[in-house]
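To start, the structure under review is shown below, and the notes come after it.
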Amino acid sequence: MLTTIIFNIFLACIGLELLNYFFFYSKLAFGQNIVKKQIDRNQKSVSLIVYIKDQQDILENYLPTLLQQNHPSYEIILVNNASCDESLDILEAFEKTHPKIKLVNVLNNEAFWNNKKYALTLGIKVAKYDHFVFTEPQASITDPQWLNTLASYFSDKKQIVIGHSSILKKKGSFFNALQRYSNTLKTIQLVIGSSFSSVLHGNSKNQGYTKDLFYSNNGFIQQMRTPFGDQYSFIEQISNKKNTAIATDPISFVYIEPEKKYSTWIDNMKTELLLLKAASFKHKLINTIFTKLRILFYLSFIICLFINTNWQIVIALFFFRMLVVYIYNYRLFKHFLNKDLIWIFPLLELIHIFITSYYSLTQLITGRKLEREHF
């Protein structure tokens, strides 16, 4: 009796996961979403808003890439949020190099001390165009068509555009592979989720939305004191499946350095889990149900090996599931420029499931919440 129940659970897990891949992942893996975006010659004018905080070491190399964009009509708004280093001096000198550059220097005040949403709001107020694109200096722009490509996802229906931030590859580093797997999986889940729901989050280093959408939702009024509100709760609030586009053309990607310390990466992972904990029930369900399904799959597989006399069938079903998952994920990770990860995919999947499950459980037990310092 118990053997039959466990085997049926094992079969159900395989069936549900394969149906999930077939119905929700097929378009991204094999369909038109992977074709490079055709750029409209009549591009909408864009205000490129760059948030800056204490980044003097990278500004001199970063800022020229903003002027190298081939977009026919855009302005650059540099938002310096009370930097304590020499960032302001570098920005002031750069502002003088081109008339399309505007500098917004935000001073700390008692009501909005070091508040990112307040600084971004001041930048938005000086923007003259109806479409905003947001980025930050730690996200490297490598292609002069980046802004053109990202902005091409705007349309009469699509008022929100969210791009991918790709973590740079470090050869021979398993820790780097784990970071890239987790980061790519996050974007893939965002693409899939956007096809039937609002999205849980945006990407402060590579996203955009319209002026009308920002002001019709009263800007960041509700998120002014919410940690990471500019890319999480605000995007969740304003998005729906009809008005949101996820940019999947590789030209629209920006590139970020991998974390050097495991502890820092884990802290970031725990923060993301806390942000998910604070999300709506719908997004909690969408973002956790298939992780729980995979846990149940691996547990039922192990139990079936020990208690099921037809272990050959169990192993055959296991490898059939793995083959289908491999085919889909090879296509998906190849598109997001991480096809090398497929060779250690099962190990990365297991480690990722363990880490997210462990810290989700500990946060549930301890009742931990985000600290207010993360504005």
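A compact table of results
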read-out: Test: residue in segment 219-226 that is at pLDDT below 95 and hydroxyl-bearing (Ser, Thr, Tyr); value: yes
read-out: Ile353 surrounded by fewer than 17 Cβ atoms within 10 Å (Cβ to Cβ), within 20 Å of the chain's Cα centre (by Cα), touching a residue at least 40 places away in the same chain (Cβ under 8 Å) and part of a helix (DSSP H, G or I); value: yes
read-out: Hey, Tyr181 aromatic (Phe, Trp, Tyr) and free of Cβ contacts under 8 Å to residues at least 60 places away in the same chain or not; value: no
read-out: Elements of type strands (runs of 3 or more DSSP E) contained in segment 68-183, each with 1 or more residues being open to solvent by less than 10 Å² (accessible area, probe 1.4 Å) and charged (D, E, K, R); value: 74-81
read-out: Condition check for Leu63: at pLDDT 90 or above, exposed (fewer than 13 other Cβ atoms within 10 Å of the Cβ), of a type in the set (A, V, I, L, M) and under 30 Å from Lys186 (Cβ atoms); value: no
read-out: Filter result (over 17 Å from Thr248 (Cα atoms) and either open to solvent by 20 Å² or more (accessible area, probe 1.4 Å) or assigned to a helix (DSSP H, G or I) (or both)) within segment 202-212; value: Lys211, Asp212
read-out: Selection count where residues are over 25 Å from Tyr153 (Cβ atoms) and either in contact with a Leu (Cβ under 8 Å, 6 or more places away or on another chain) or without any contact (Cβ under 8 Å) to a residue 24 or more places away in the chain (or both), scope segment 65-88; value: 4
read-out: Residue among Val191, Val199 that alone is part of a helix (DSSP H, G or I), at pLDDT below 95, within 16 Å of the chain's Cα centre (by Cα) and of a type in the set (Val, Ile, Thr); value: Val191
read-out: Residues of segment 1-21 classified as in contact (Cβ under 8 Å) with a residue 60 or more places away in the chain and either surrounded by fewer than 11 Cβ atoms within 10 Å (Cβ to Cβ) or of a type in the set (A, V, I, L, M) (or both), total; value: 7
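The values are calculated or read from the model by the stated rules, or taken from the named source; none is laboratory data. In this text the structure is predicted, and so the values were computed from the model without any measurement. Backbone-built Cβ (ideal geometry, glycine too); neighbour counts: all protein chains shown. Ligands, DNA and RNA are stripped out before the accessible areas are found, and what is left, the full protein with its side chains, is counted by its heavy atoms. Shrake-Rupley method; radii C 1.70, N 1.55, O 1.52, S 1.80 Å.
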